[in-house]
1. Restricting to region 26-52, name every residue that is touching a strand residue (DSSP E or B) at 6+ places or on another chain (Cβ under 6 Å) and not in a loop (DSSP other than H, G, I, E, B).
2. So Phe335 fits all but one of (1) surrounded by fewer than 16 Cβ atoms within 10 Å (Cβ to Cβ); (2) aromatic (Phe, Trp, Tyr); (3) within 19 Å of Lys51 (Cβ to Cβ); what number is the exception?
3. Residues that are farther than 24 Å from Glu188 by Cα and touching a Pro at 6+ places or on another chain (Cβ under 6 Å): does region 218-232 have at least one?
4. Which residue out of Arg142, Arg147 is of a type in the set (Lys, Arg), in contact (Cβ under 8 Å) with a residue 24 or more places away in the chain and closer than 21 Å to Arg233 by Cα?
5. From the list Leu156, Leu195, exactly one residue is surrounded by 17 or more Cβ atoms within 10 Å (Cβ to Cβ) and either touching a residue at least 40 places away in the same chain (Cβ under 8 Å) or in a loop (DSSP other than H, G, I, E, B) (or both). Which is it?
6. Considering region 122-142 alone, what residues qualify as being hydroxyl-bearing (Ser, Thr, Tyr) and in contact with a strand residue (DSSP E or B) (Cβ under 7 Å, 6 or more places away or on another chain)?
7. Against the condition part of a helix (DSSP H, G or I), in contact with a Cys (Cβ under 8 Å, 6 or more places away or on another chain), at pLDDT 95 or above and of a type in the set (Gly, Ala, Ser), how does Ala101 come out, does it pass?
Amino acid sequence: MTNGKPSIKVPSNLWEALAQLRRQPLAEFPTPLLPMRRLSRAIGGVDIWFKRDDLISFGLGGNKVRGLELLVADAMAQGAEVLVTGAGAQSNHVRATAAAAACCGLGCIAVFWGDAPARVDGNYRVTRMLGAEAVFTGDPDRTSVDRGIEALCEELRHKGQRPYSIPRGGACALGALGHTLAAHELFEQCRQLGLATESIVLATGSGGTHAGWLVGTRALGSPWTVESFTVSRQAEAVPIEIARLATEAAALLGLNWRFAPAEAIVHGGFIGAGYGIPSPEAADAIRLVGRTEGVLLDPTYTGKAMGGLLENLRRGLVPYRSVVFLHTGGEPAFFAGDGKWLA
């Protein structure tokens, strides 16, 4: 067995196959599916619901916990001693991984791009408090994290330790299957509520969440479209990565499914000045959602995705009457920096 590639006998039913995957229980599911009535009235023309993965009951929430239940279980099955992962200093994934490691008695080393921030706040503060060791690459290129994780794991193995590497942002086939389970969870909630939602909208960074939802959506008979707003890479590059991850995730279940980049609907134009840098559109969206629903979005992921959704609604580019917005969490990042972007 290798990292992210567990050996299982796959039955004919995909959901049975998913149930057979090892999971390390970290949180209680399902997360709530709630109507945003005041927000819907404020924008007009579409019925918006929030899938509240920000309320996941572990590690300050966020949908990254879903993939970590599978990844941590795989790590423990391999006898790993330390989880090695990485991203930016304000990463939701790294914060959730540090919490999972602490909960399961594992070490955690986080590889961050660039240099150590001047302020220890937001997700970075939580990550450090949870006991994770922080290593900075000194290189502002985000891909330096990938090289850093690989080099660090090799160094640890040379010292006789047993590391388990989790790719930047948790984007790997096994982690994506956690989000495939989320698609099934939402399908059952919609069935019970009699809700015929037409589109799932989310933010996408490394692509693992969107990939998992693509697999689940196909398995469910495509009851909705899945669309995302990129918050890091340019829109034309993201579908390639999403399709690759979705194909690999399906293969873990013994499914000979191929996903084409054209199946991954990704909208661009709302990254702003760069990944992790708040944008005016995100600030407007955060204020609107907060002041109509009392729900907090974050400036890195959900704020930008909601900003994109609202702008497309204004332009008449959303041909749906009912949309479920996947609130992936990330609120600790709201408390990073001086907050002037929201003034």
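The values are calculated or read from the model by the stated rules, or taken from the named source; none is laboratory data. Keep in mind that what you see is a predicted model, and the values were worked out from it rather than measured. Glycine gets a Cβ as well: all are built from the backbone with ideal geometry, and neighbour counts include every protein chain shown.
1. Matches in region 26-52: Leu33, Leu34, Pro35, Leu39, Ser40, Asp47, Ile48, Trp49, Phe50, Lys51, Arg52.
2. Of everything listed in (1) surrounded by fewer than 16 Cβ atoms within 10 Å (Cβ to Cβ); (2) aromatic (Phe, Trp, Tyr); (3) within 19 Å of Lys51 (Cβ to Cβ), Phe335 misses just condition (3).
3. no
4. Matching residue, one of Arg142, Arg147: Arg142.
5. Answer to the selection: Leu156.
6. Matches in region 122-142: Thr127, Thr137.
7. In short, yes.
Table: residues versus (1) touching a Cys at 6+ places or on another chain (Cβ under 6 Å); (2) free of Cβ contacts under 8 Å to residues at least 24 places away in the same chain; (3) not assigned by TED's automatic domain parsing to the domain that holds Ala249.
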{"site": "Ala19", "(1), (2), (3)": "no, yes, no"}
{"site": "Glu28", "(1), (2), (3)": "no, no, no"}
{"site": "Gln78", "(1), (2), (3)": "no, no, yes"}
{"site": "Ala96", "(1), (2), (3)": "no, no, yes"}
